[in-house]
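Heads up, the thing below is written out as structure tokens.
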Amino acid sequence: MMFYFSYAYDFVMYKKEKRQQLLNEIRTLCEAPCYQGLVEFHGAFYTPDSGQISIALEYMDGGSLADVLRVQKCIPEPVLSSMIQKLLHGLSYLHGVRHLVHRDIKPANLLINLKGEPKITDFGISAGLENSMAMCATFVGTVTYMSPERIRNESYSYPADIWSLGLALFECGTGEFPYTSNEGPVSLMLQILDDPSPSPAKYSLSPEFCSFIDACLQKDPDARPTAEQLLSHPFITKYENARVDLAAFVKSVFDPTQRMKDLADMLTIHYYLLFDGPDELWNHMKGLYNESSTFREGTHRPK
């Protein structure tokens, strides 16, 4: 099943950086198709009349780990271990084979489907490296999950993704982000730079979980393990024989029937936007979304 993510870029209006970001995403998806832990890429096409470029990606009907956290406080350790193992395979492939730094690992970019398959998405700001020793020097991504070396605007490489993964896992396992970000981004960056790395020990989690987080959140990037090394960490191996049913977990969080209704809603809106544009969308929708319609639930008039 596919879902079309449409990005409307005007190549005259937008700066070169915006065009390059889109090209990066398409190139990355083309170069790393159908690999475990990565969202599948089905194609891309350009509509000259509208200037719109559409990228067709695998539809991840379970949403993101951020969506899961909005429904329940945290994710159980065995489930997280199984998820992270699969995501580490994808990250190891990006780092070791494609020589890419993702640069925006966070719960919102870690998706899962109703089959229980977790995958990494959003490669729009990933950076290709000439070789395993090359470094990035651009300040992009979500500052909340940025590593100390990135905040200092120093050159950085694959360990930056490991730091971000550690923070994302911390949040998923405890239900709380370890830094306070309500005082603004500057205060947040100073905490990351000056405070000791956060530890989940106070949340009564397993020693293996805490050890995994501690390894990822080393201030010194050279001290962080690689994605490949983390695959053999005790937190991952501890649950390898537990036969964790990720599909059952996702279905316990999200109702599959409601997900299908949401998909039908989304595809209907996309169809009319594609052929008639936003001005006519609501006129078409009024006939579909009546009191007895199965599509009515959750429908809102577009602004």
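Any read-out appearing in this document is the output of simple, stated calculations on the displayed coordinates, not a laboratory observation. Note that the structure is a prediction, hence the values are computed from the model and not measured. Quick reminder, even Gly has a Cβ in these numbers, built from the backbone with ideal geometry, and neighbours come from all protein chains shown.
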Legend entry - Over 19 Å (Cα to Cα) - which of Lys86/Lys261; Lys119/Lys219; Lys86/Lys115; Lys86/Lys106 fall in this group: Lys86/Lys261; Lys119/Lys219
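Checking a compactness column here: for the stretch 65-252, what do you get for Rg(Cα) / (2.2 N^0.38 Å), N being the number of residues?
After normalising by residue count via 2.2 N^0.38 Å, the value is 0.97.
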Inset, instruction - Quickly rank 152-162, 71-81 as a protection proxy: mean count of other C-beta atoms within 10 Å, highest first. - result: 152-162, 71-81
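Order these peptides, 88-99, 38-49, by their mean beta-carbon neighbour count within 10 angstrom, highest first.
Numbers: 88-99: 19.5, 38-49: 14.5.
Most protected by this proxy first, the peptides run 88-99, 38-49.
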Inset, instruction - Convert each backbone phi in the stretch 97-114 into a coupling constant with the Karplus relation 6.51 cos²θ - 1.76 cosθ + 1.60 (shift: θ = phi - 60°), then list the ³J(HN,Hα) values in order as whole Hz, x for Gly and Pro. - result: 9, 8, 6, 10, 9, 5, 6, 8, 6, 6, x, 5, 9, 10, 9, 8, 9, 6
Legend entry - Cut-off under 5 Å, modelled amide H: who pairs with Leu38 long-range: Ile120
Legend entry - Using a Förster distance of 30 Å, the FRET efficiency for Ala223-Asp195 (Cβ separation, nearest 0.05): 0.95
Legend entry - Label-point separation, Asp245 to Gln258 (7 Å along Cα→Cβ), nm: 2.1 nm
